[in-house]
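Please treat every number below as a calculation from the coordinates, not as lab data. All values reported here derive from a predicted model rather than from experimental measurement.
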Amino acid sequence: MKKAFIFLCFIGSFAFSNAQSIAVKEINKLLNDQVTSWNAGNVDEFMTAYWNDDSLMFVGKNGVTYGYGNVLNNYRKHYPDTVAMGRLSYNILHIKELSPSYYFIVGKYTLNRSIGDAQGHFTLLFRKINGKWMIICDQSS
C-alpha cells in the first residue's frame, strides 16, 4: 500500500511538472512570436498575445490603460513606423506559476533603434482563456 501511494505521488508530481513545462513552453513561444512580429513592423500581430477584452490592463509611465483597443492605439501612436519600433529583444528573468491558469513573468526588453535605444523591465500576468495563454496585464517601465 505504501509503495502504491509513493508511486501515485510520483506520477502526480510528474503530471504536474509536465503540465507546468508545457505551459512555460507555450508562453515562451508567445513571447518569441511577439518579438518576431514586432521586428517585422507588425503591431497588430504583436498584440495577438494580449487578451482582446475591455478588461486588459496596461500600466506604463503615463498610468493605467484599460482595454485592448486603447492599448493597441497607444502602441500605434508611440510606434508609428519601423524606425520608432526598432529591433526588439526580451530577456526573461523569472517565470512563476501562480496557479494552473495564471503565470507571472518578469523580464527586460531592449529596443535597438537608429533614433536612440530604449530599454526597461516588464511584468506580465498570463491567464489561460479558452485553452490559450493570453496577457491580461502588462506593466512596462
5 angstrom amide H check on residue 120, placed H, neighbours 5+ away: 109
17 Å Cα-Cα reach of residue 132 towards aspartates and glutamates, excluding residues that sit fewer than 8 places from it in its own chain: 26, 33, 45, 53, 97
Gaussian network model of the chain, Cα within-10 Å springs - most flexible of 108, 29, 61: 61
In degrees, nearest ten, helix 68-78 long axis to first principal axis of the chain (Cα): 40 degrees
Out-of-range pairs (alpha-carbon distance over 26 Å; input 25/61; 25/108; 25/77): 25/61; 25/77
Nonlocal amide H pairs with residue 129, under 5 Å, H built at 1.01 Å: 134
Most mobile listed residue (23, 118, 49) in the chain, GNM with C-alpha springs under 10 Å: 118
Degrees between helix 2-39 axis and first principal axis of the chain (Cα, 0 to 90, nearest 10): 10 degrees
Choice from 88, 124, 98 showing the highest fluctuation, given a GNM over the chain with Cα pairs closer than 10 Å: 98
Sequence-distant residues sharing a close amide H with residue 53 (under 5 Å, placed H): 68
